[in-house]
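All remarks here apply to the structure that follows.
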Amino acid sequence: MSDRVAIYPGSFDPPTNGHIDIVERSARLFDRVVIGVGRNLSKKTLFDADQRVALMREACKSCRNVDVTTFDKLQVTFAKEVGATFIIRGIRALSDFEFEFEMGNMNRKLAPGIEMVYLMTAPDYLFLSASRVKELVAFGAPVDGLVPPNVAKALQAHMGQGGLRTGATESND
Ligand code: ADP
(Lines give C-alpha, C1' and ligand atoms only; values in the text may rest on other atoms or scores of the structure.)
Protein backbone atom coordinates (compact mmCIF):
# COMPACT_ATOMS: atom_id res chain seq x y z
CA MET A 1 0.00 0.00 0.00
CA SER A 2 1.29 3.48 -0.80
CA ASP A 3 2.20 5.96 1.90
CA ARG A 4 -0.61 7.97 3.44
CA VAL A 5 0.48 11.58 3.10
CA ALA A 6 -1.38 14.57 4.59
CA ILE A 7 -0.87 18.30 4.53
CA TYR A 8 -1.66 20.56 7.46
CA PRO A 9 -2.09 24.08 6.04
CA GLY A 10 -2.41 27.30 8.01
CA SER A 11 -0.95 30.69 8.81
CA PHE A 12 0.79 29.63 12.02
CA ASP A 13 1.48 33.26 12.96
CA PRO A 14 2.87 32.15 15.36
CA PRO A 15 2.63 28.37 15.94
CA THR A 16 0.79 27.64 19.21
CA ASN A 17 0.58 24.54 21.38
CA GLY A 18 -2.87 23.96 19.83
CA HIS A 19 -1.21 23.64 16.40
CA ILE A 20 1.58 21.44 17.76
CA ASP A 21 -0.96 19.11 19.39
CA ILE A 22 -2.67 18.68 16.00
CA VAL A 23 0.71 18.05 14.33
CA GLU A 24 1.70 15.40 16.87
CA ARG A 25 -1.62 13.60 16.61
CA SER A 26 -1.50 13.78 12.79
CA ALA A 27 2.01 12.38 12.77
CA ARG A 28 0.65 9.26 14.48
CA LEU A 29 -2.18 8.92 11.95
CA PHE A 30 -0.24 9.38 8.71
CA ASP A 31 3.02 8.12 7.22
CA ARG A 32 4.05 11.65 6.36
CA VAL A 33 2.67 15.07 7.27
CA VAL A 34 3.66 18.21 5.37
CA ILE A 35 2.90 21.40 7.26
CA GLY A 36 2.11 24.16 4.77
CA VAL A 37 2.84 27.64 6.07
CA GLY A 38 0.75 30.08 4.05
CA ARG A 39 2.70 32.74 2.22
CA ASN A 40 -0.34 34.95 1.76
CA LEU A 41 0.86 38.33 0.59
CA SER A 42 -2.46 40.06 1.25
CA LYS A 43 -2.51 38.97 4.91
CA LYS A 44 -0.34 41.04 7.22
CA THR A 45 1.52 38.73 9.56
CA LEU A 46 3.71 39.28 12.60
CA PHE A 47 6.36 36.81 11.41
CA ASP A 48 7.22 36.43 7.74
CA ALA A 49 6.72 33.04 6.11
CA ASP A 50 10.35 31.94 6.47
CA GLN A 51 10.35 32.83 10.17
CA ARG A 52 7.10 30.90 10.67
CA VAL A 53 8.62 27.87 8.91
CA ALA A 54 11.70 28.05 11.14
CA LEU A 55 9.56 28.34 14.29
CA MET A 56 7.38 25.41 13.24
CA ARG A 57 10.38 23.23 12.29
CA GLU A 58 12.01 23.78 15.66
CA ALA A 59 8.76 23.14 17.53
CA CYS A 60 8.05 19.88 15.63
CA LYS A 61 11.56 18.54 15.39
CA SER A 62 10.74 15.47 17.47
CA CYS A 63 8.21 14.31 14.84
CA ARG A 64 10.40 12.49 12.33
CA ASN A 65 7.71 12.14 9.67
CA VAL A 66 6.79 15.83 9.60
CA ASP A 67 8.13 18.36 7.07
CA VAL A 68 7.50 22.09 7.02
CA THR A 69 7.39 24.27 3.92
CA THR A 70 5.69 27.40 2.60
CA PHE A 71 2.90 27.47 0.05
CA ASP A 72 1.11 30.22 -1.84
CA LYS A 73 -1.62 28.40 -3.72
CA LEU A 74 -4.90 26.60 -3.11
CA GLN A 75 -4.74 23.92 -0.40
CA VAL A 76 -5.73 21.20 -2.91
CA THR A 77 -3.04 22.30 -5.38
CA PHE A 78 -0.44 22.23 -2.65
CA ALA A 79 -1.66 18.80 -1.54
CA LYS A 80 -1.33 17.39 -5.05
CA GLU A 81 2.13 18.88 -5.45
CA VAL A 82 3.46 17.08 -2.40
CA GLY A 83 1.59 13.85 -3.18
CA ALA A 84 -0.89 14.20 -0.32
CA THR A 85 -4.42 12.81 -0.41
CA PHE A 86 -5.50 14.19 2.98
CA ILE A 87 -5.86 17.72 4.33
CA ILE A 88 -5.83 18.10 8.10
CA ARG A 89 -7.58 20.93 9.89
CA GLY A 90 -8.12 21.56 13.57
CA ILE A 91 -11.54 22.42 14.96
CA ARG A 92 -12.12 24.45 18.10
CA ALA A 93 -15.52 26.11 18.33
CA LEU A 94 -18.68 26.24 16.25
CA SER A 95 -17.28 29.20 14.37
CA ASP A 96 -14.38 27.03 13.17
CA PHE A 97 -16.89 24.43 12.06
CA GLU A 98 -18.80 26.83 9.85
CA PHE A 99 -15.69 28.14 8.16
CA GLU A 100 -14.18 24.68 7.74
CA PHE A 101 -17.42 23.19 6.46
CA GLU A 102 -17.54 25.77 3.68
CA MET A 103 -13.87 25.38 2.79
CA GLY A 104 -14.08 21.57 2.97
CA ASN A 105 -16.95 21.53 0.52
CA MET A 106 -15.08 23.80 -1.85
CA ASN A 107 -12.03 21.55 -1.65
CA ARG A 108 -14.18 18.50 -2.35
CA LYS A 109 -15.54 20.16 -5.49
CA LEU A 110 -12.07 21.14 -6.65
CA ALA A 111 -10.41 17.82 -5.87
CA PRO A 112 -12.79 14.96 -5.03
CA GLY A 113 -9.87 12.55 -4.48
CA ILE A 114 -8.57 14.54 -1.52
CA GLU A 115 -10.15 13.83 1.86
CA MET A 116 -10.49 16.46 4.57
CA VAL A 117 -9.61 15.23 8.08
CA TYR A 118 -10.76 17.28 11.08
CA LEU A 119 -9.15 16.81 14.46
CA MET A 120 -10.96 18.17 17.49
CA THR A 121 -8.82 20.41 19.66
CA ALA A 122 -7.59 19.10 22.98
CA PRO A 123 -9.70 20.79 25.73
CA ASP A 124 -6.64 22.68 27.02
CA TYR A 125 -6.38 24.51 23.70
CA LEU A 126 -10.05 25.15 23.05
CA PHE A 127 -9.72 28.90 23.50
CA LEU A 128 -6.20 29.23 22.13
CA SER A 129 -5.55 31.08 18.88
CA ALA A 130 -2.52 32.77 17.36
CA SER A 131 -4.32 36.13 17.49
CA ARG A 132 -5.00 35.81 21.24
CA VAL A 133 -1.37 34.91 21.84
CA LYS A 134 -0.23 38.05 20.02
CA GLU A 135 -2.68 40.13 22.00
CA LEU A 136 -1.43 38.71 25.31
CA VAL A 137 2.20 39.37 24.42
CA ALA A 138 1.41 42.89 23.25
CA PHE A 139 0.02 43.63 26.71
CA GLY A 140 2.91 41.98 28.51
CA ALA A 141 0.97 38.92 29.73
CA PRO A 142 2.77 35.57 30.01
CA VAL A 143 2.19 32.96 27.31
CA ASP A 144 3.72 29.97 29.15
CA GLY A 145 1.93 26.79 28.22
CA LEU A 146 0.30 28.41 25.21
CA VAL A 147 3.20 28.33 22.75
CA PRO A 148 6.37 26.21 22.39
CA PRO A 149 9.43 27.68 24.19
CA ASN A 150 11.14 28.74 20.93
CA VAL A 151 8.02 30.68 19.90
CA ALA A 152 7.81 32.37 23.31
CA LYS A 153 11.42 33.49 22.82
CA ALA A 154 10.74 34.83 19.32
CA LEU A 155 7.71 36.74 20.61
CA GLN A 156 9.79 38.25 23.39
CA ALA A 157 12.42 39.32 20.85
CA HIS A 158 9.70 40.99 18.77
CA MET A 159 8.42 42.73 21.87
CA GLY A 160 11.90 44.03 22.53
CA GLN A 161 11.93 45.60 19.09
CA GLY A 162 8.57 47.21 19.79
CA GLY A 163 7.14 45.31 16.86
CA LEU A 164 4.18 43.56 18.38
CA ARG A 165 1.46 46.13 18.81
CA THR A 166 1.17 46.77 15.09
CA GLY A 167 0.70 43.09 14.21
CA ALA A 168 -1.37 41.97 17.18
CA THR A 169 -4.81 42.43 15.71
CA GLU A 170 -4.16 41.96 12.00
CA SER A 171 -4.77 38.22 11.75
CA ASN A 172 -8.17 36.71 12.47
CA ASP A 173 -7.17 33.09 13.15
P1 ADP B 1 -5.83 29.78 9.35
O2 ADP B 1 -5.20 31.11 9.24
O3 ADP B 1 -6.06 29.08 8.05
O4 ADP B 1 -7.02 29.73 10.26
P5 ADP B 1 -4.26 28.87 11.51
O6 ADP B 1 -2.82 29.11 11.53
O7 ADP B 1 -5.13 29.65 12.37
O8 ADP B 1 -4.76 28.87 10.00
O9 ADP B 1 -4.54 27.37 11.91
C10 ADP B 1 -4.31 26.28 11.09
C11 ADP B 1 -5.22 25.18 11.54
O12 ADP B 1 -5.04 24.91 12.91
C13 ADP B 1 -6.72 25.50 11.37
O14 ADP B 1 -7.35 24.31 10.98
C15 ADP B 1 -7.14 25.89 12.75
O16 ADP B 1 -8.50 25.64 12.99
C17 ADP B 1 -6.27 24.99 13.58
N18 ADP B 1 -6.07 25.51 14.93
C19 ADP B 1 -5.71 26.74 15.30
N20 ADP B 1 -5.63 26.84 16.65
C21 ADP B 1 -5.98 25.63 17.14
C22 ADP B 1 -6.15 25.08 18.46
N23 ADP B 1 -5.95 25.82 19.55
N24 ADP B 1 -6.52 23.78 18.58
C25 ADP B 1 -6.75 23.04 17.47
N26 ADP B 1 -6.64 23.50 16.21
C27 ADP B 1 -6.26 24.76 16.04
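At 1.4 Å probe size, what's the solvent-accessible area of K61? Round to the nearest 10 Å².
So the heavy atoms of K61 present about 130 Å² to solvent.
Under a Cβ-Cβ cut-off of 13 Å, what is the net charge of the residues other than Q51 that fall near it, where Lys and Arg count +1 and Asp and Glu count -1?
Overall, the nearby charge balance is 0.
How are the Cα pair distances of the stretch 31-173 distributed, in percent, across 10 Å bins from 0?
The distribution over the stretch 31-173 is 10, 35, 40, 14, 1, given as percents.
With every protein chain kept in the model, how would you rank Y8, Y118 by accessible area, 1.4 Å probe, largest at the top?
Y118, Y8
Helix-only mean residue ellipticity at 222 nm, the chain, DSSP H runs n ≥ 4 weighted -39,500 (n - 2.57), per residue, nearest 500. What is it?
-12500 deg cm²/dmol
Among V133, P149, T77, which residue has its Cα furthest toward the positive end of the charge dipole of the stretch 77-150, with +1 on Lys/Arg Cβ and -1 on Asp/Glu Cβ?
Result: T77.
Given a 1.4 angstrom probe, I'd like the percentage of the accessible area of the chain that is carbon and sulfur, rounded to a whole number.
Answer for the chain is 54 percent, counting heavy atoms of protein chains only.
Karplus couplings for the stretch 57-72 from phi (6.51 cos²θ - 1.76 cosθ + 1.60, θ = phi - 60°), rounded to Hz, Gly and Pro as x?
Coupling constants for the stretch 57-72: 4, 5, 5, 10, 5, 7, 8, 5, 9, 10, 10, 10, 8, 8, 8, 9 Hz.
Karplus couplings for the stretch 101-111 from phi (6.51 cos²θ - 1.76 cosθ + 1.60, θ = phi - 60°), rounded to Hz, Gly and Pro as x?
4, 5, 5, x, 5, 5, 4, 4, 5, 6, 8
Would you rank L29, L46, L94 by solvent-accessible area, highest first, keeping every protein chain in place and using a 1.4 Å probe?
The ordering from most to least exposed comes out as L94, L29, L46.
Can you tell me the accessible area per residue over the stretch 5-160, all protein chains present, probe 1.4 angstrom, in square angstrom?
Roughly 52 Å² per residue, with all protein chains present.
Show the residues, 5+ positions off or on another chain, whose built amide H is closer than 5 Å to the amide H of T70.
V37
The values are calculated or read from the model by the stated rules, or taken from the named source; none is laboratory data. Values in this document were obtained by computation on a predicted structure and should not be read as measured data. All Cβ positions, even for glycine, are placed from backbone atoms using ideal geometry, and neighbour counts span all protein chains on display. Areas reflect the complete protein model, heavy atoms only, side chains present, ligands, DNA and RNA absent. Shrake-Rupley method; radii C 1.70, N 1.55, O 1.52, S 1.80 Å.
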